[in-house]
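As structure tokens, the structure follows; a few thoughts come after it.
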Amino acid sequence: MTRQQHLWTVLLILGLTDTLLSSSSTSSSWLDSVLGQSRQGVFTADFEGENNTLLEVGDGDNIILDCRVFLKQEKTISWLRHTGMTSVSPGVPDLLTVGNTTYSGDTRIKSSFSYPNNWRLQIADVQKKDSGLYICQISTHPPMGLHTSIRVKDAIIEMLGEESDPSSPHSLPPDKFYNPGSDISLKCIIRRHLIKNATVQDITNVSWKKDGVIIDLQTQERISMGVEVSGYLVTSTLLVSHAVLGDAGPYSCTLPVFSNKDFPRAQAIVHVIYGDRLAVQGAGVTVNKYSRIELLLLSLITFLMSTF
């Protein structure tokens, strides 16, 4: 073989190698099959985990989303979230974390780095509103994303707000306000189709607690309870007549079939106060406006970066 033939052979091999390497940016399976999980021979940041996964979790679970990044170098790792109810505006994702810093105003969410290369996202006490698409993003050009879809199951037992829709994905307010002398009315729903092998008696025998102790309806003249079955929902109503200051405190509903354990969405804090209860209630849910502005700016910046 002549020197010119050798040169053409080398150029051909380099051309094929360049083609294969360029296609690897869109096909992680090629990297796995040719190079293996070690990623030996790759010279740019990439993910080690499987992409486009679905994770189904129960209400109240604690979850950790992994994001293992190979050859991060100077790149920045961020977590974004697309849900039906973002904190900014439709179409703009929520910015959750950047590096080791958590930007979400939700204290249940935080960044949790695990050595040597796992940029994890932790979510405690997951709720229906947490369902959506979560993206671990590398600040390459264009950005690379590891997509995980989370589907949170409905709560088995749930406390209702004053004007709540049982099918609503929103988390329900934990505080309820009443004036002395008024009637305290608490409603709890049980999704009977989520309880396997339970009889009608099992799902209608609802227990109510105050301060963590089961309420004995036989000894409480001012307290009564009713149960209504409609389709797959069982609604239990606890009524406390002529409220006094001593009626304030944490209330919850549960079922003996679950050994009367506490359910995260089946709780409420009752406040019995003098004066304008709506004014006090409004003061108790004031949100830091500056943190919302910061979140908006950060989310918009991240969204713009991902479009270029």
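Table for the structure above
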item: So Leu11, is it open to solvent by less than 30 Å² (accessible area, probe 1.4 Å), modelled with pLDDT under 55, out of contact with any Lys or Arg (no Cβ under 6 Å at 6 or more places or on another chain) and not basic (Lys, Arg); result: no
item: In the range 50-60, the residues that are buried (at least 16 other Cβ atoms within 10 Å of the Cβ) and part of a loop (DSSP other than H, G, I, E, B); result: Asp59, Gly60
item: Long-range neighbours under 6 Å by Cβ, at least six apart or interchain, first residue within 16 Å of Ser111 (Cα to Cα) within the range 129-140, second open to solvent by 30 Å² or more (accessible area, probe 1.4 Å) and not in a strand (DSSP E or B); result: Gln137/Pro143; Ile138/Lys75
item: Check on Gln122, at pLDDT 95 or above, open to solvent by 20 Å² or more (accessible area, probe 1.4 Å), closer than 18 Å to Arg81 by Cα and over 15 Å from the mean Cα position of the chain (by Cα); result: no
item: Residue that is modelled with the highest pLDDT [pool: residues in the range 128-151 that are of a type in the set (D, E, K, R) and open to solvent by 20 Å² or more (accessible area, probe 1.4 Å)]; result: Arg151
item: Enumeration of residues in the range 161-196 that are at pLDDT below 75 and either over 23 Å from the mean Cα position of the chain (by Cα) or among the acidic types (Asp, Glu) (or both); result: Glu162, Glu163, Asp165
item: Restricting the range 217-244 to residues that are assigned to a loop (DSSP other than H, G, I, E, B) and touching a strand residue (DSSP E or B) at 6+ places or on another chain (Cβ under 9 Å), the residue that is most open to solvent (accessible area, probe 1.4 Å); result: Tyr232
item: Residue in the range 34-49 that is closer than 19 Å to Leu121 by Cβ, at pLDDT 50 or above and open to solvent by 30 Å² or more (accessible area, probe 1.4 Å) present; result: yes
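The values are calculated or read from the model by the stated rules, or taken from the named source; none is laboratory data. Just so it is clear, the structure is predicted and the values come from calculations on it, not from any experiment. With ideal geometry, Cβ positions are generated from the backbone for all residues, glycine too; neighbour counts draw on all protein chains shown. All accessible areas refer to the heavy atoms of the entire protein, side chains included, with ligands and DNA or RNA removed. Shrake-Rupley method; radii C 1.70, N 1.55, O 1.52, S 1.80 Å.
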